[in-house]
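What follows is a single structure, written as structure tokens, with notes after it.
The values are calculated or read from the model by the stated rules, or taken from the named source; none is laboratory data. Keep in mind it's a predicted model, so treat the numbers as computed, not measured. Heads up, the Cβs are rebuilt from the backbone with ideal geometry, glycines too, and the neighbour counts pull from every protein chain shown. Side chains are part of the model used for accessible areas, which takes the heavy atoms of the whole protein and leaves out ligands, DNA and RNA. Shrake-Rupley method; radii C 1.70, N 1.55, O 1.52, S 1.80 Å.
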Amino acid sequence: MSQIAASSPPAHTKPQEAPKAGGLLLTIILVGQFLAVLNVNIVNVATPTIESDLHSSGAGLQMIIAGYTIVYAVLLITGARVGDLFGYRRAFLGGLALFTLTTLAAGLAPSTAWLVGSRLLQGAGAAMMVPQVLTLLQRNYHGAARGRAMGLWSLMISGGIVAGQAAGGILLGVGLGWRLVFLVLVPVSALLLVAGFRMLPADTGGARSGLDPWGLVTLSAAVLLFVVPLVLGRDLGWPVWGWISMALSVAAFYAFVRVERWVTASGRRPLVDARVLRAPGMRPGLAVLLFGPATWGAFLFTSALHLQGDLHMTPLASGMMLVPCALAFGLVGLAWPRLPQRLQRSLVPVGYLVAAPAYLGLGLAAGGGVAYAVMSALIGAGLGVQIAVTTMVTERVDRAYAADASGALLTVMQLGQVIGVSTVGTLFITLESASVAASLPTAVAMAALAALAGLCAIFLVRRRTPALA
């Protein structure tokens with residue numbers, strides 16, 4: 001099998017030595033990652049007050065929450081290529097600037113339509129900014145330093161999830177209103193933007209080969225046709241158009257593959273280079289990063305419904321119940337690079353095999369309390385190996401193709417979360433509406449997803465790819 005690590009960069013790409021990366025670069029890009037994750041979860045708890053204040057319809061509320069996710073998922077690969085084309089610093093700061101301005105616009109929104117439009121543009125800003133984080137980690141950190149950086153990346157993701165839910169609960173709990181849920185992010189984003197302009201090193205990107213418009217159109221259509229019915233279908237009762245849309249997405253993905261082959265054959269740079277997908281471990285790694293985030297997204301969604309709906313907790317209290325899970329997730333990501341090299345790869349499937357029975361235990365401990373917190377921590381610890389998977393998948397990708405790998409990995413992870421929320425979330429809501437105890441059946445579904453991720457991880461670690469130096 002041809003290996004991208006051994007292939008030569010394309011003719012238009014001039015190989016460059018990785019610049020020396022320090023803590024300042026890492027801090028700036030990881031805070032940007034944190035803000036993007038925080039923005040999803042801090043808004044979720046504010047929907048009741050937004051509905052009463054702006055007199056939003058059900059469809060309007062769905063788009064306030066889902067619009068960000070839809071645009072973000074559709075534009076991730078495009079955002080990665082923009083960084084490759086114009087420079088990762090420019091793309092990161094451009095995305096952050098758009099994110100900051102649209103967050104301010106959302107906080108000042110006079111109507112539902114204004115707020116929906118702001119959220120759509122927020123998603124575009126995040127999709128421009130976030131791929132640069134993973135690309136810059138790949139291009140600037142190597143060996144053990146990359147492992148540590150990826151561990152901090154995982155901590156920002158898990159921390160953003162819990163901080164978003166807790167911060168939203170605090171702001172609403174003390175009567176500060178839904179607008180501050182957005183406005184509190186503006187000064188932080190603005191300060192980060194100033195720091196980024198002053199401190200981020202200049203770069204020229206990795207390629208100057210164009211944006212591949214045909215690939216962009218077909219992939220965007222495919223992801224849009226797939227994501228929109230999954231995000232909106234549950235609340236709309238799974239209408240017929242949603243099933244037709246998902247069927248059409250299969251045809252659109254096939255069209256994208258054909259277009260990319262044509263672009264490659266014509267000697268131009270495709271949106272996603274096929275050589276990235278042939279890199280050692282990439283395909284089983286993508287499978288792991290589909291099922292792992294699917295079970296993670298399903299867990300976060302159904303836990304919020306269960307804790308706030310069934311156990312009548314406040315958003316702040318339910319957020320605090322997830323702290324053990326988030327801490328364990330982040331700590332495993334930080335600790336993994338410090339393990340002996342012979343253990344690093346072999347423990348990846350074990351993580352998912354720990355998470356699977358922990359989900360079952362969570363279903364049996366649905367009443368909350370210490371048992372629920374312990375099971376939650378075990379789930380977080382098990383799923384913390386996802387960062388190891390990301391590191392293993394990207395370590396054999398040539399720096400010239402870092403943006404291609406970032407876009408592909410992040411898109412698959414986002415699609416996995418959407419699939420988990422829509423399928424397991426629908427199961428939970430359906431059982432709840434039928435007055436059937438939903439915790440155990442959904443726990444079984446999440447355990448099955450974790451087991452599938454573990455099975456794919458076995459194929460990943462069997463690859464003879466060298467461990468981190």
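From the set of residues in the range 82-123 that are within 21 Å of ASP404 (Cβ to Cβ) and touching a Leu at 6+ places or on another chain (Cβ under 6 Å), which is least open to solvent (accessible area, probe 1.4 Å)? Talk me through it step by step, then tell me what you get.
Of the residues in the range 82-123, the ones within 21 Å of ASP404 (Cβ to Cβ) are 82-92, 94-95.
Next, from what is left, pick out any that are touching a Leu at 6+ places or on another chain (Cβ under 6 Å): 88-89.
Details: TYR88: 4, ARG89: 53 Å².
My answer is TYR88.
For the range 232-262, enumerate the residues that are open to solvent by 50 Å² or more (accessible area, probe 1.4 Å), in a helix (DSSP H, G or I) and not hydrophobic (A, V, I, L, M, F, W, C).
The first filter runs over the range 232-262 and keeps only residues open to solvent by 50 Å² or more (accessible area, probe 1.4 Å), leaving 235-238, 240-241, 243-244, 247-248, 250-251, 253-254, 257-258, 261-262.
Going one step further and asking which of them are in a helix (DSSP H, G or I), we end up with 235-236, 240-241, 243-244, 247-248, 250-251, 253-254, 257-258, 261-262.
Result: ASP235, TYR254, ARG258, ARG261.
Could you count how many residues in the range 310-331 are within 28 Å of ALA438 (Cβ to Cβ) and crowded, with 20+ Cβ neighbours inside 10 Å?
Going residue by residue through the range 310-331, those that are within 28 Å of ALA438 (Cβ to Cβ) are 310-329.
Okay, now just the ones that are also crowded, with 20+ Cβ neighbours inside 10 Å, so 315, 318-319, 321-322, 324-326, 328-329.
Of the residues in that region, 10 qualify.
Suppose we keep only residues that are more than 21 Å from the chain's Cα centre (by Cα), outside any helix (DSSP H, G or I) and touching a residue at least 40 places away in the same chain (Cβ under 8 Å) within the range 314-348. Which one would you say is nearest to GLY147 (Cα to Cα)?
ARG345
Of the conditions (1) open to solvent by 30 Å² or more (accessible area, probe 1.4 Å); (2) under 29 Å from ALA73 (Cα atoms), LEU343 clears all except one; give me its number.
Failed condition: (2).
Could you tell me which of the residues PRO270, PRO229, PRO213 is over 30 Å from GLY23 (Cβ atoms), loosely packed, with under 15 Cβ neighbours inside 10 Å and at pLDDT 80 or above?
Working: PRO270 fails: loosely packed, with under 15 Cβ neighbours inside 10 Å; PRO229 fails: loosely packed, with under 15 Cβ neighbours inside 10 Å.
Going through PRO270, PRO229, PRO213 in turn, the sole match is PRO213.
Being open to solvent by less than 30 Å² (accessible area, probe 1.4 Å) and modelled with pLDDT of 75 or more is the requirement here; does VAL181 meet it? Walk me through it before giving the result.
Details: open to solvent by less than 30 Å² (accessible area, probe 1.4 Å): yes; modelled with pLDDT of 75 or more: yes.
Here the answer is yes, as VAL181 does meet what is asked.
Kindly evaluate GLY159 against the criterion of being touching a residue at least 12 places away in the same chain (Cβ under 8 Å), open to solvent by less than 20 Å² (accessible area, probe 1.4 Å) and part of a helix (DSSP H, G or I). Break it down into steps so the answer makes sense when it comes.
Working: touching a residue at least 12 places away in the same chain (Cβ under 8 Å): yes; open to solvent by less than 20 Å² (accessible area, probe 1.4 Å): no; part of a helix (DSSP H, G or I): yes.
No: the conditions fail for GLY159.
Does ALA166 fit the bill of being buried (at least 18 other Cβ atoms within 10 Å of the Cβ), at pLDDT below 75, aliphatic (A, V, I, L, M) and on the phi < 0 side of the Ramachandran plot? Please lay out each step first, then the result.
Working: buried (at least 18 other Cβ atoms within 10 Å of the Cβ): yes; at pLDDT below 75: yes; aliphatic (A, V, I, L, M): yes; on the phi < 0 side of the Ramachandran plot: yes.
Considered against the rule, which asks whether it is buried (at least 18 other Cβ atoms within 10 Å of the Cβ), at pLDDT below 75, aliphatic (A, V, I, L, M) and on the phi < 0 side of the Ramachandran plot, ALA166 comes out as yes.
Going by the conditions given, is VAL370 of a type in the set (Val, Ile, Thr) and either buried (at least 17 other Cβ atoms within 10 Å of the Cβ) or touching a residue at least 24 places away in the same chain (Cβ under 8 Å) (or both)? Give the derivation first.
Working: of a type in the set (Val, Ile, Thr): yes; either buried (at least 17 other Cβ atoms within 10 Å of the Cβ) or touching a residue at least 24 places away in the same chain (Cβ under 8 Å) (or both): no.
The answer is no for VAL370.
Output the residue which, of all residues in the range 373-401 that are part of a loop (DSSP other than H, G, I, E, B) and out of contact with any Gly (no Cβ under 9 Å at 6 or more places or on another chain), is surrounded by the fewest Cβ atoms within 10 Å (Cβ to Cβ).
Within the range 373-401, the match that is surrounded by the fewest Cβ atoms within 10 Å (Cβ to Cβ) is ASP398.
Give me a count of the residues in the range 124-156 that are open to solvent by 30 Å² or more (accessible area, probe 1.4 Å) and in contact (Cβ under 8 Å) with a residue 60 or more places away in the chain. Even if it seems obvious, please write down each step before you answer.
Taking the range 124-156 first, the residues open to solvent by 30 Å² or more (accessible area, probe 1.4 Å) are 128, 142, 144-145, 148, 152, 155-156.
Cutting the leftovers down to in contact (Cβ under 8 Å) with a residue 60 or more places away in the chain gives us 142, 144-145, 148, 152, 155-156.
Number satisfying all stated conditions: 7.
Can you tell me which of (1) surrounded by fewer than 20 Cβ atoms within 10 Å (Cβ to Cβ); (2) at pLDDT below 85; (3) closer than 21 Å to PRO441 by Cβ; (4) of a type in the set (Gly, Ala, Ser) is the one ALA304 doesn't meet?
For ALA304, the failing item is (1).
Which residues, taken from the range 251-263, are β-branched (Val, Ile, Thr) and either modelled with pLDDT of 95 or more or more than 24 Å from the chain's Cα centre (by Cα) (or both)? Explain how you work it out, then say what you get.
Our first condition is that a residue be β-branched (Val, Ile, Thr); within the range 251-263, this holds for 257, 259, 263.
If the condition is that a residue be β-branched (Val, Ile, Thr) and either modelled with pLDDT of 95 or more or more than 24 Å from the chain's Cα centre (by Cα) (or both), then VAL259, VAL263 are the ones that fit.
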